[in-house]
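Below: the structure, in structure tokens.
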Amino acid sequence: MYVFKHAFELKNYLSSARQAGKSIGFVPTMGALHDGHLQLIAQARQHTDLVVCSIFVNPTQFNDPKDYEKYPSTIAQDTEKLVAAGNNVLFLPAVAEMYPEGLASTSQYDFGYLETLLEGSYRPGHFQGVGRVMHKLLKMIMPHQVFMGQKDFQQCMIVKRLLEITGLPAQLVISPTTREASGLAMSSRNMRLSAEERQTATLIYQVLTYITQHRSDIDYAPVVAEATRRLVAGGFVPDYVAIADAATLLPITGAIPGKQVALIAAKLGEVRLIDNVVY
Ligand code: AMP
């Protein structure tokens, strides 16, 4: 596996590969890799000739400085995992490499209502930061396909919109959420949970499953109230429990004919967890 820390080296390498007719798959991550990330690498290997994984803890997408400081970093283990998974290129830029212009915002993307809903309303500026770093990475790598996880449902919609706004030709491929046997969605932030909290955290998936069992209800208000009550009883401080149209992410108050998505964001101690189920 090649490891590049500088964009010019990465671009040189990729332009030769492109000239040799290779298709490029891209898996953006913030590291502390787990099986969910490795699933994306496997998907990328299936669909493209050359897989580029980036590890970059992007400061501009953290609205909470504590969350940024405490974000886990396990580069040595990540590198081993990527080699074992057959990843071809690891891009490992420093903050100054990605933001030579400084961190203060220079661009504003029009993500419309997507930016003020759910994650957007609880994490102001988050999606502008995601847009900014993804735009830079996509321009550097110019992948044919980019592989992302449904775990971050709203982020996938934002990146889809970013691709439309920028006209970059990459195709977005979304993979299902990889879970522990307990149902807990794999997440780098799970490393910050104690053994006991990890057990409690399984409640999120149980509550999402409870919501899906009420798929055909005409009124979702009591379902959301009960789901919230269960989370609070389990020791969570929920930011939101939401049921939305999976095509638009707009809230719905009762059953609709198309796909729906139930989403939860909740804090357990200091750790904020998110998860969703499409049904
Ligand atoms: P992160 O490193 O958390 O920024 O995630 C990098 C990519 O991995 C994003 O596209 C995430 O949606 C995806 N991802 C994170 N956790 C999971 C998971 N449990 N299953 C599938 N994809 C995931």
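State the number of residues belonging to the range 196-209 that are among the hydroxyl-bearing types (Ser, Thr, Tyr) and surrounded by fewer than 15 Cβ atoms within 10 Å (Cβ to Cβ).
Total satisfying the criteria: 1.
Considering the range 25-40 alone, what residues qualify as being farther than 24 Å from residue 129 by Cβ and of a type outside the set (S, T, N, Q)?
Selection gives 35, 38.
Among the listed residues 102, 129, which satisfies the condition of being on the phi > 0 side of the Ramachandran plot and surrounded by fewer than 20 Cβ atoms within 10 Å (Cβ to Cβ)?
102
The rows are residues; the columns are (1) modelled with pLDDT under 95; (2) in the same structural domain as residue 64 (by TED's automatic domain parsing); (3) acidic (Asp, Glu); (4) closer than 20 Å to residue 185 by Cα.
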{"residue": "218", "(1), (2), (3), (4)": "no, no, no, no"}
{"residue": "229", "(1), (2), (3), (4)": "no, no, no, no"}
{"residue": "236", "(1), (2), (3), (4)": "no, no, no, yes"}
{"residue": "245", "(1), (2), (3), (4)": "no, no, yes, no"}
{"residue": "252", "(1), (2), (3), (4)": "no, no, no, no"}
{"residue": "261", "(1), (2), (3), (4)": "no, no, no, yes"}
{"residue": "264", "(1), (2), (3), (4)": "no, no, no, yes"}
{"residue": "278", "(1), (2), (3), (4)": "no, no, no, yes"}
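Scan the range 24-48 and report the pairs whose first residue is farther than 15 Å from residue 176 by Cβ and assigned by TED's automatic domain parsing to the domain that holds residue 152 and whose second residue is more than 10 Å from the ligand (Cβ to nearest atom) and among the basic types (Lys, Arg), with Cβ atoms within less than 6 Å and a gap of 6+ or a chain change.
Note: pairs meeting the criteria are 33/81.
What's the total number of residues in the range 18-42 that are farther than 11 Å from residue 85 by Cβ and within 10 Å of the ligand (Cβ to nearest atom)?
7
Is at least one residue of the range 164-186 surrounded by 18 or more Cβ atoms within 10 Å (Cβ to Cβ), of a type outside the set (D, E, K, R) and within 17 Å of residue 61 (Cβ to Cβ)?
no
Of all residues in the range 207-264, which are farther than 24 Å from residue 114 by Cα and of a type in the set (Phe, Trp, Tyr)?
Correct list: 210, 236.
Please verify whether the range 83-98 includes one or more residues that are at pLDDT below 95, of a type in the set (Gly, Ala, Ser) and within 27 Å of residue 157 (Cβ to Cβ).
Looking for residues that are at pLDDT below 95, of a type in the set (Gly, Ala, Ser) and within 27 Å of residue 157 (Cβ to Cβ), one finds none in the range 83-98, hence no.
For the range 252-268, give me each residue that is surrounded by 15 or more Cβ atoms within 10 Å (Cβ to Cβ) and of a type outside the set (A, V, I, L, M).
Within the range 252-268, just 260 meets the criteria.
Can you tell me which residue among 241, 224, 232 is in contact with a strand residue (DSSP E or B) (Cβ under 9 Å, 6 or more places away or on another chain), free of Cβ contacts under 8 Å to residues at least 60 places away in the same chain, assigned to a helix (DSSP H, G or I) and surrounded by 15 or more Cβ atoms within 10 Å (Cβ to Cβ)?
Selected residue: 224, the only one of 241, 224, 232 that is in contact with a strand residue (DSSP E or B) (Cβ under 9 Å, 6 or more places away or on another chain), free of Cβ contacts under 8 Å to residues at least 60 places away in the same chain, assigned to a helix (DSSP H, G or I) and surrounded by 15 or more Cβ atoms within 10 Å (Cβ to Cβ).
The values are calculated or read from the model by the stated rules, or taken from the named source; none is laboratory data. The shown structure was predicted, so the numbers you read here are calculated from the model rather than taken from an experiment. Here Cβ is always computed from backbone atoms with ideal geometry, including for glycine, and neighbour counts include all displayed protein chains.
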